[in-house]
Every structure is written in structure tokens, then in C-alpha cells.
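Heads up: the structure comes next, in C-alpha cells.
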């Protein structure tokens, strides 16, 4: 497994992480108290851990924090990088504190490595939320602060609202079919050493061959290297910069193992030229 420094943190994380958002039905079932079978998902996360992935992303709204807790049971905590997110309805200062404490209980952990604002609020000032998160850093409950689904303007606002610490990461959809962040946000993150967690790196499964719409260039490069489509998608993202961290979903142990073997592939200049022109 390849490891890279996660932005300004100095922490070495696996070049890819594991996402634990499954589907709206999972969330809805959890909200109304229906317990879903999480055995396969737990095994998927364990498969990633066994393959060397030490970076897991979850969120309170996903209702998968307890699943993560079960999967990492027995692991050395200091070697893991656990990221979770506070949802938009908990961004008041006192609610942020409560949400963090709840996530800590769900994860069965003493601290969270990366605590992120899941979506910006149109109601709660960023400075209120981020001030509360800085308090959580002071209390040792979280180590770093990140944002998710923030455009450039909101990202600049968040950075300006910080008093004691820094925004270390952002999380956005980013894949070979969707490069919208490359126009403004990514150059800004590159300049400011903000890690980019790329969600939907396989374009909702399209680049994994699960649906129609795999670009011809991806197919050609995969055929040339006799490589899975997923490896093409992941390696292309990694080629976009040291601060890019794909976080494919961990829902099936077989798929997670395949994702973790991305480093068996090395894209050459001609490959990248073809892929960059999609």
C-alpha cells in the first residue's frame, strides 16, 4: 500500500480511503429504527484494513459509525485515520459539541482524527460552527478540522473564520467524468496544501463497469494493461496531485480488495494523455 502525507497534518494515510455511505434506504431504515444487516459492510471495511488501508470516512447521517467501530475493533488506534462529519442540522455551537460526543460514542473512540462539516448551512454562521470545532480540538476530542461540499467562496470563508487552527481538507465529488473542481477549487487547495478527499471516484460505479457510460479511453487503457477499470479510475485521480485522496465506497469485500491493489498499475504518459482528454 502506498502512503502519503494528508495535507498539513503530517499524518501518513493510505493513498486511498474507504467511504461508508451506502444508500438512502440504509439511512432511512436507520432513522426509523429498522436494523439492517451490516455484516457484509463490516467485512468489507475489515478487508480494506487487512489490505493496508488505514483511512476511513463516515458521517453521523450515514448511520455507519457503529459499523466502523466494529470493523476496527482490536486495531492499533494510533495507526488509523478516522474521519467523520457533522450534519447540517447540527451546526449550532452547542449542537456541534453534542454531535461530536455522540460520534465518539458511536465510534467507541476517545478522539476523531478529522471532523468535517458535511454541508454548509445557510442559517448558521460558519464562525459559530468552526469556533465550536476549535474548542473540540482544544479538548482533545478531534485532531483536525475539514469541510465537505463547499465551493471556493465558502472554502475561503471557512479559512477566514478559523482563529487558532487551519482547515486541512475538503471533500468533493471528483472523478474522470466529473472534473468541475479543477476550474477553481482544486488550484486553490493545491496552493494552500488542503487535502482533497475525492468521493464518487468511480462515478457511481460507472467506471467500475457496473453501468453504461465507461469512456472509451478508460476501456482502451484497461485493455492495454489488462487492468480493472477501477485501477484506471483510482490511478488517474492520484496522478492529479499529491493532495488528492480517492475514497471509494467499502460495501463488498471483493471490490475493496480489488481497489486496494490499485498500485499494481502504473499509468504512463500516453495513458494519462488519453485519459486527460476525456
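The values are calculated or read from the model by the stated rules, or taken from the named source; none is laboratory data. These numbers come from a predicted model, not from an experiment. Quick reminder, even Gly has a Cβ in these numbers, built from the backbone with ideal geometry, and neighbours come from all protein chains shown.
When you scan the range 108-124, how many residues do you find that are in contact with a helix residue (DSSP H, G or I) (Cβ under 8 Å, 6 or more places away or on another chain) and more than 13 Å from residue 84 (Cβ to Cβ)?
4
Here are some residues: 271, 216, 263. Which one is loosely packed, with under 15 Cβ neighbours inside 10 Å and over 17 Å from the mean Cα position of the chain (by Cα)?
216
What residue, of 21, 62, is touching a strand residue (DSSP E or B) at 6+ places or on another chain (Cβ under 7 Å), on the phi < 0 side of the Ramachandran plot and at pLDDT below 95?
On inspection, the qualifying residue turns out to be 21.
Just checking, which of 234, 207 is in contact with a strand residue (DSSP E or B) (Cβ under 7 Å, 6 or more places away or on another chain), more than 20 Å from residue 62 (Cβ to Cβ) and at pLDDT below 90?
207
With the requirement that a residue be in a loop (DSSP other than H, G, I, E, B) and surrounded by fewer than 18 Cβ atoms within 10 Å (Cβ to Cβ), what does the range 169-205 give you?
179, 183, 184, 193, 204, 205
Among the residues of the range 155-212, write down those that are within 23 Å of residue 85 (Cα to Cα), free of Cβ contacts under 8 Å to residues at least 24 places away in the same chain and touching a helix residue (DSSP H, G or I) at 6+ places or on another chain (Cβ under 9 Å).
Across the range 155-212, the qualifying residues are 160, 181.
Give 39, 95 a once-over and let me know the one that is free of Cβ contacts under 8 Å to residues at least 12 places away in the same chain and surrounded by 15 or more Cβ atoms within 10 Å (Cβ to Cβ).
Matching residue, one of 39, 95: 95.
Select from the range 71-87 the residues that are crowded, with 17+ Cβ neighbours inside 10 Å and farther than 19 Å from residue 140 by Cα and list them in ascending order.
First pass over the range 71-87, keeping only residues crowded, with 17+ Cβ neighbours inside 10 Å: 71-72, 80-86.
Of everything in the range 71-87, those that are crowded, with 17+ Cβ neighbours inside 10 Å and farther than 19 Å from residue 140 by Cα turn out to be 71, 72.
Considering every residue within the range 231-252, establish whether at least one is within 19 Å of residue 22 (Cα to Cα), in a helix (DSSP H, G or I), touching a helix residue (DSSP H, G or I) at 6+ places or on another chain (Cβ under 8 Å) and without any contact (Cβ under 8 Å) to a residue 60 or more places away in the chain.
There is no residue in the range 231-252 that is within 19 Å of residue 22 (Cα to Cα), in a helix (DSSP H, G or I), touching a helix residue (DSSP H, G or I) at 6+ places or on another chain (Cβ under 8 Å) and without any contact (Cβ under 8 Å) to a residue 60 or more places away in the chain.
Considering only the range 74-92, state which residues are free of Cβ contacts under 8 Å to residues at least 60 places away in the same chain and either touching a strand residue (DSSP E or B) at 6+ places or on another chain (Cβ under 9 Å) or assigned to a loop (DSSP other than H, G, I, E, B) (or both).
Quick first cut of the range 74-92, residues free of Cβ contacts under 8 Å to residues at least 60 places away in the same chain only: 74-80, 82, 84, 86-92.
The answer is 74, 75, 76, 80, 82, 84, 86, 87, 88, 91, 92.
If I filter the range 139-154 down to residues being touching a residue at least 24 places away in the same chain (Cβ under 8 Å) and assigned to a helix (DSSP H, G or I), which single residue comes out as farthest from residue 173 (Cα to Cα)?
Among those residues, the one meeting the criterion is 154.
Within the range 137-168, work out how many residues are on the phi > 0 side of the Ramachandran plot and either crowded, with 16+ Cβ neighbours inside 10 Å or in contact with a strand residue (DSSP E or B) (Cβ under 6 Å, 6 or more places away or on another chain) (or both).
1
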